[in-house]
Structure formats: structure tokens, C-alpha cells
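> One structure, pasted below without further comment.
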Amino acid sequence: MNPGRSLKKAVIEQHSCVACGCCVKVCPRKAIEILGGIMARVNWEQCVGCGKCMKECPASVITIQEVC
């Protein structure tokens with residue numbers, strides 16, 4: 001990461017995730033996984049903030065946010 005530069009990453013509302021796996025299927029970087037069959041987790045090292053997961057999420061619990 002470059003110092004002083006914000007990057008966009010996917011953020012999942014963990015308590016609202018239904019673990020359907022739709023986000024996992026569309027992620028081009030394989031940056032999302034389902035943990036224990038109950039929630040999704042984003043690997044920020046892999047995530048490029050493309051927004052495909054956010055558009056696909058039927059529960060609308062994924063946002064793309066700027067992170068430092």
C-alpha cells in the first residue's frame with residue numbers, strides 16, 4: 001500500500017450476512033470466503049474494490065469503502 005493513499009475495499013456487515021456465497025462466486029480475485037457456513041469474510045490483501053460482490057449480494061450487506 002502507498003502511504004497517504006486511500007484504497008477501496010469491500011466491507012461486509014458481518015451480523016447481517018446470510019452466507020449465500022453469491023459474492024464468492026463473482027469475485028474475480030477470490031478475495032471472499034464463507035466462514036463456518038455463517039458469514040463471509042473479505043481478504044483485503046486480495047480485494048481490489050471492483051464492486052462485483054456488492055452488486056450481486058441479495059442481502060445488500062456489502063459496501064465498497066475507502067480504507068487507509
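> Give the number of residues within region 27-64 that are surrounded by 12 or more Cβ atoms within 10 Å (Cβ to Cβ) and either touching a residue at least 60 places away in the same chain (Cβ under 8 Å) or within 13 Å of Ala10 (Cα to Cα) (or both).
Within region 27-64, residues that are surrounded by 12 or more Cβ atoms within 10 Å (Cβ to Cβ) and either touching a residue at least 60 places away in the same chain (Cβ under 8 Å) or within 13 Å of Ala10 (Cα to Cα) (or both) number 26.
Every residue, every condition in (1) of a type outside the set (A, V, I, L, M); (2) within 25 Å of Cys68 (Cβ to Cβ), yes or no:
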residue	(1), (2)
Ala19	no, no
Lys25	yes, no
Lys30	yes, yes
Gly37	yes, no
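> Let me ask something additional. Looking at region 1-26 only, could you name the residues that are basic (Lys, Arg), loosely packed, with under 14 Cβ neighbours inside 10 Å and at pLDDT 95 or above?
Lys25
The values are calculated or read from the model by the stated rules, or taken from the named source; none is laboratory data. In this text, all values refer to a predicted model and were calculated from it rather than measured experimentally. No Cβ is skipped: glycine too gets one built from the backbone with ideal geometry, and neighbour counts run over all protein chains shown.
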